[in-house]
Amino acid sequence: MPVPYHSPQDEGSATTDADENFAAHVWRFSQAASCLDSAANLADHGWLRPWESVQVSSQTAGRGQLRRQWHSPVGNVYAAIRLPLTPPFDGSAAAPALGALLCEALRREGWPVRLKWPNDIVVCKKGAAPQKLAGILLEERGGVLLAGIGINVLWAPPAAQMRADAALEATSLAGLCAKSAQPLPTAEVLWQTLVKRMFSAYVNCHSFPEEWKARAEALLLWRGENVELRDDATIVRGWLAGLGPSGGLCLNINGRLEEFVCGSLRLTPAPE
């Protein structure tokens, strides 16, 4: 049976105290159409277990939310990880729950990030506007849940290349390192480290299925501030209270708490 796309260039493993026999293998390819498609092919052949992942150096047909084309130059993280279809990943809470794990892993590496609901990771530095560093895209195919993850390591799209309604500008780890003495990891080393940290946090915290909401809310961008949620031509404004049990965004609107499951979040513009 042929291996989908390319044979892996390098296969690493990550183990935790919880299960020293578990190897969270990372299949690596020099190039693929899409890391999500590569992961789906491996899963179809029975070669991708939960918490195992695919990482590619570049993509020729990467995609983001609403299947927008995702420019994928060499040097960034382009990965797809298979998640278990168990709480909190068996429903709509999957995106913010995984976002919390990814945020925690990046913060343990010294990166000042927060979760922008529902699936963006942003850099928050004192006195500066938040900037997007990473994004998550979930896809379920035939009972297999995959999370595509892109992290700007060497390169971030300039404002001119961002979509017209983008809420935040983008940044990269290289840009952050240029302003500090923090060493810049390679995309391969960074992803291996993050997979290990996310898996360890998931299996070593037996209450994670119940605690995901508190952990995500602790990292939630703009919590306690006035925000607006845009969905097509509709704009809803309110005070960001937190997250609902199903992962929706909870806004306090004129003293009434309402939960929303979709939309583009941004800070309410200051009055002129």
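The values are calculated or read from the model by the stated rules, or taken from the named source; none is laboratory data. These figures come from a predicted structure and were not determined experimentally. Because the Cβ atoms are built from the backbone with ideal geometry, glycine has one as well, and the counts that use them run over all protein chains shown. The area values use the complete protein model at the heavy-atom level, side chains included, leaving out ligands, DNA and RNA. Shrake-Rupley method; radii C 1.70, N 1.55, O 1.52, S 1.80 Å.
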(message) Out of everything in the stretch 243-272 that is free of Cβ contacts under 8 Å to residues at least 24 places away in the same chain and among the charged types (D, E, K, R), what residue ends up being farthest from PRO130 (Cα to Cα)?
(response) ARG256
(request) Pull up the stretch 211-257, narrow it to residues that are modelled with pLDDT under 95, among the acidic types (Asp, Glu) and outside any strand (DSSP E or B), then point me to the one that is most open to solvent (accessible area, probe 1.4 Å). (result) ASP232
(message) What pairs come out if I take residues in the stretch 209-225 that are farther than 20 Å from ALA129 by Cα and pair them with residues that are in a loop (DSSP other than H, G, I, E, B) whose C-beta lies under 7 Å away, six or more apart or interchain?
(response) PRO209/PRO87; PRO209/PRO88; GLU211/CYS205; TRP212/PRO88; TRP212/ALA93; LYS213/PRO245
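In this structure, does LEU133 turn out to be under 25 Å from GLU210 (Cα atoms), modelled with pLDDT of 95 or more and under 14 Å from the mean Cα position of the chain (by Cα)? Spell out the reasoning first.
Working: under 25 Å from GLU210 (Cα atoms): no; modelled with pLDDT of 95 or more: yes; under 14 Å from the mean Cα position of the chain (by Cα): yes.
In short, no.
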(message) Restricting to the stretch 179-202, count the residues that are buried (at least 16 other Cβ atoms within 10 Å of the Cβ) and among the β-branched types (Val, Ile, Thr).
(response) 2
